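Report on the structure given below.
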Amino acid sequence: MPVAAPLLLSALMFAAGVYGVLVRRHGVMLLMSVELMINAANINLITFSQLLRDPVGNIVVLFILAVTAAEVGIGIAIVMMLYRQRSTVAVDDLQLMKW
Amino acid sequence: MIVRQIAFWVLAGLSAISALFVVLTRNVVHAALGLAAALVAAAGLFILFGAEFVGLAQILIYVGAVVILFLFGIMLTSTAPGRPVVDNQQKGMAFLVAVGVFVVLAIGIVAAYGRRPLRLEVAFATSGLGNALFTRWILPFEAVSVLLLAALVGAIVLARKD
């Protein structure tokens with residue numbers, strides 16, 4: 001297979017994530033779109049790890065997995081806070097810091 | 001070799017379709033399950049590309065922990081009856097931006113790599129990754145463990161009732 005194939009898959013997944021972040025109102029769905037973009041980056045790293053025969057890409061992906069787990073935990077906690085205080089999960093109802 | 005080619009195209013197609021499904025469906029639970037499918041297919045790709053440990057870690061962490069966390073988040077914040085919150089009104093513009101991002105990335109990728117083949121020859125042994133993690137990468141490794149602890153404490157502080 002050409003190198004471009006997994007890279008194009010990654011680009012498609014990243015574009016889907018961008019679309020989701022711009023369109024979604026539901027806080028949890030917004031976080032899912034961010035996950036898609038992170039996963040696109042992981043596919044790129046693994047592909048180049050194989051292409052360059054260098055294990056550093058694998059190690060960086062392991063770190064990204066750990067940081068993503070932390071990010072999702074905090075994100076879900078924030079969405080639950082929002083739901084408890086405002087009874088909504090729509091992120092565009094959050095205008096508290098808008099002048 | 002032909003088996004690997006077929007496996008690659010099947011996994012890549014599954015991953016792409018699931019990723020598009022995640023951002024196009026109007027049902028929150030379906031989106032979470034689509035995300036699980038996309039991540040499992042990506043883990044299969046990782047294993048195919050010789051990153052066996054990373055692929056299995058992806059299944060454990062993403063599908064085992066992150067997607068379950070999403071499902072819990074959806075269940076605990078079920079919205080009241082009324083209009084469902086899914087998308088906002090900027091669909092057209094967002095579609096243009098997303099297509100623009102994809103086209104720019106695709107032009108760059110094709111210009112840089114064209115038809116250069118990717119040979120699947122190297123399998124990265126888990127022992128080698130472990131050695132690297134605990135020697136050269138020990139400082140980032142410890143930093144990540146502190147980050148996870150901070151995230152744990154932060155999530156508890158945010159989510160507790162007081």
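Data table
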{"quantity": "Residue, surrounded by the fewest Cβ atoms within 10 Å (Cβ to Cβ), within region A:43-58, restricted to residues that are within 7 Å of another protein chain (Cβ to nearest Cβ) and in a helix (DSSP H, G or I)", "calculated": "A:Leu51"}
{"quantity": "Residues of region B:39-53 classified as under 15 Å from A:Ala41 (Cβ atoms) and touching a residue at least 24 places away in the same chain (Cβ under 8 Å), total", "calculated": "5"}
{"quantity": "Within region B:54-73, tally of residues that are crowded, with 20+ Cβ neighbours inside 10 Å and more than 29 Å from B:Ala159 (Cα to Cα)", "calculated": "2"}
{"quantity": "Filter result (of a type in the set (A, V, I, L, M, F, W, C) and surrounded by fewer than 23 Cβ atoms within 10 Å (Cβ to Cβ)) within region B:33-52", "calculated": "B:Leu33, B:Ala36, B:Ala37, B:Val40, B:Ala41, B:Ile47, B:Leu48"}
{"quantity": "Residue among B:Arg160, B:Arg119 that is surrounded by 10 or more Cβ atoms within 10 Å (Cβ to Cβ) and more than 7 Å from chain A (Cβ to nearest Cβ)", "calculated": "B:Arg119"}
{"quantity": "Residue match in region B:63-76 (condition: in a helix (DSSP H, G or I) and farther than 29 Å from A:Asp93 by Cβ)", "calculated": "yes"}
{"quantity": "Selection status of A:Leu62, closer than 29 Å to B:Leu96 by Cβ and assigned to a helix (DSSP H, G or I)", "calculated": "no"}
{"quantity": "Meets criteria (over 21 Å from B:Pro140 (Cα atoms), in contact with an Asp or Glu (Cβ under 7 Å, 6 or more places away or on another chain) and at the interface with another protein chain (Cβ under 7 Å from one of its Cβ atoms)) for A:Arg25", "calculated": "yes"}
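FYI, it's all coordinate maths here, none of it is from the lab. All values derive from a computational prediction rather than experimental measurement. Every residue, glycine as well, gets a Cβ built from its backbone with ideal geometry; the counts of neighbours run over all protein chains shown.
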